[in-house]
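Worksheet: the structure to be examined is printed underneath.
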Amino acid sequence: MKMRLTDSIQMPVVGFGTYLINDDETQPAVLRAIRAGYRHVDTAEAYGNERGVGQAIAASMNALGLSRDEIFVTTKLWPGNPAWGQEAKTYGATLESLDASLARLGLDHVDLYLIHAPSGGEQRLEEWRALVELKRLGKARAVGVSNFRESHIEEIREAGLPLPDANQIELHPWSQKPDLVAYLERNGIAVIAYSSLLPLSTWRAVAGQESAKPAELKAEGASADSPFKAMARKYGCTEAQVLLRWGVQKGYAVLPKSTNAERLAQNLDLFSFEIDAEDMTAIAAMDRGDGLAWQSGDPSRVA
Ligand SMILES: NC(=O)c1ccc[n+]([C@@H]2O[C@H](COP(=O)([O-])OP(=O)(O)OC[C@H]3O[C@@H](n4cnc5c(N)ncnc54)[C@H](OP(=O)(O)O)[C@@H]3O)[C@@H](O)[C@H]2O)c1
């Protein structure tokens, strides 16, 4: 199943997320995902695993006879964050960053290149100018942003630059961002959801994978009364499938990550049931606002 990214590019709706998979584990994990049927892989300079992703893509071409254009690959520019004591990347450093990512991936282009998060200050527009150039050069077929709010995208419009093709944002029943989503849809910007599975008790349950998710929400996800457990029983699927299906029904691409073979297969199997209107309305009432996935808080808050 694919969705529109640009007038000429279709993107598989379900992508394989790779955050928190270390570089050594990434090759087997991504290859397992591709064997299971994933044709869209999401990585980032900041994940430190582009090399493993590239090795898996090469292996899938050799072992499964896939061609490069059958696998949709996204990576992201780490923009540098002055709030964390880093320098924001310049125009030139942004061009170099994609070259370095492509070298690690062993590819001559990616399908989508994103600015991972808005950095504060004037370099933000320079980074975007560089992405527009990278698209013109064919090193990225499409370019976009991640964790950008409406004001960050309006800044791009006001500078007279082309708007992003996509915005990748945290979206799940507890963070629904209805105004931002409506704005993106009005402007033809594809919506890519991340951390769809955050309400699950199993979400990043391993030590060292902290986030801003508060303890009461962890308890709520684990509760036997969780509405997602009830919906899973009703539709004869898992809670994870309910959460991912919600994203798909809203018109978003989703990026489930799992290093478990059974889970990664179920996360792709989202098209044999539909959440009914009553449950979609019930989920719409569960929104609690800002994102919870980043340990440092919602990165879109930067001015
Ligand atoms: N642009 C950004 O700022 C940004 C931020 C966060 C994420 N992302 C992207 O979005 C992807 C997905 O987000 P995410 O990694 O935060 O989380 P996610 O995919 O929503 O959830 C992954 C967590 O849920 C568990 N899980 C996966 N499938 C499951 C299932 N069927 N049943 C029960 N538990 C399951 C995984 O554990 P196991 O691995 O043990 O199964 C893992 O702990 C990332 O990998 C990354 O590519 C982007």
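Readers should treat all values here as calculations from the given coordinates under stated rules, not as data from a laboratory. All of these numbers come straight from a predicted model, not from anything done at the bench. In this analysis, Cβ positions are derived from the backbone assuming ideal geometry, glycine residues included, and neighbour counts consider all displayed protein chains.
Under 1.5 on a/c is rounded, so check that first for region 239-303, then, if it is not, pick prolate when a/b is larger than b/c and oblate when it is not; a ≥ b ≥ c are the square roots of the alpha carbon gyration tensor eigenvalues. Don't jump to the answer; show the numbers that get you there.
On the way: a/c = 2.52, a/b = 1.26, b/c = 2.00.
Cα axes put region 239-303 in the oblate bin.
Once you have the alpha carbon radius of gyration of region 1-83, what is it after dividing by 2.2 N^0.38 Å, with N set to its residue count? Before the final figure, lay out the partial values.
Details: Rg = 13.3 Å, N = 83, 2.2 N^0.38 = 11.8 Å.
Working it through for region 1-83, the quotient is 1.13.
Lys/Arg Cβ at +1, Asp/Glu Cβ at -1, dipole of region 241-303 taken about the Cα centre: which of ILE283, LEU243, PHE273 is farthest positive-ward?
About the Cα centre, the residue reaching furthest to the positive side is LEU243.
Using the Karplus equation 6.51 cos²θ - 1.76 cosθ + 1.60 (θ = phi - 60°), what ³J(HN,Hα) coupling, rounded to whole Hz, does each residue of region 3-10 give in order, writing x for Gly and Pro?
With coefficients 6.51, -1.76 and 1.60, one gets 9, 6, 9, 9, 4, 10, 10, 9 Hz.
I'd like the distance between the alpha-carbon centres of region 174-228 and region 85-134, rounded to an integer number of Å.
27
Which one of ARG141, ARG245, ARG157 has the biggest mean-square fluctuation once the chain is modelled by GNM with Cα springs under 10 Å?
ARG157
Would you please give the residues with an amide H less than 5 Å from that of ILE115, counting only those at least 5 places away or on a separate chain, with H modeled from the backbone geometry?
When sequence neighbours closer than 5 places are left aside, the close amide H contacts are LEU77, GLY144, VAL145, SER146.
Return the sequence-ordered ³J(HN,Hα) values of region 208-222 in whole Hz as given by the Karplus equation 6.51 cos²θ - 1.76 cosθ + 1.60 applied to θ = phi - 60°, using x for Gly and Pro.
My calculation for region 208-222 gives x, 10, 4, 8, 8, 5, x, 4, 5, 6, 4, 5, 5, x, 7 Hz in order.
Got a sec to turn the phi values of region 265-279 into Karplus ³J(HN,Hα) couplings, 6.51 cos²θ - 1.76 cosθ + 1.60 with θ = phi - 60°, whole Hz, x for Gly and Pro?
6, 5, 5, 8, 9, 10, 10, 10, 8, 9, 6, 6, 4, 5, 6
Going by how many other Cβ atoms sit within 10 Å of their own, how do ILE275, ILE192 line up, fewest first?
Lowest to highest Cβ neighbour count: ILE275, ILE192.
With charges only on Cβ, +1 for K and R and -1 for D and E, what is the dipole size of the chain about its Cα centre, in debye, rounded to 20?
Dipole of the chain, to the nearest 20 debye: 520 debye.
Two-decimal Rg/Rh of region 118-247 from alpha-carbon positions, Kirkwood Rh?
1.07
Mind scanning LYS139/LYS257; LYS76/LYS229; LYS139/LYS177; LYS177/LYS213 and naming the pairs with a C-alpha gap bigger than 28 Å?
LYS76/LYS229; LYS139/LYS177
Assuming 1.567 mPa s and 4 °C, estimate D for the chain with Stokes-Einstein, Rh taken as the Kirkwood radius over Cα pairs, in µm²/s.
Details: Rh = 19.6 Å.
Rounded to a whole number, D works out at 66 µm²/s.
Could you list which residues have their amide H under 5 Å from that of TYR194, counting only those 5 or more apart in sequence or on another chain, with H placed in the peptide plane?
Amide H to amide H, under 5 Å and 5 or more residues apart or across chains, TYR194 pairs with ILE169, GLU170, LEU171.
Would you be so kind as to identify which of ALA303, ALA193, VAL132 lies farthest towards the positive end of the dipole of the chain, taking Lys and Arg as +1 and Asp and Glu as -1 on Cβ and the Cα centre as origin?
After comparing all options, I get ALA193.
Run the dipole for region 39-141 about the Cα centre, Lys and Arg Cβ at +1, Asp and Glu Cβ at -1, nothing else charged, and hand back the magnitude in debye, nearest 20.
160
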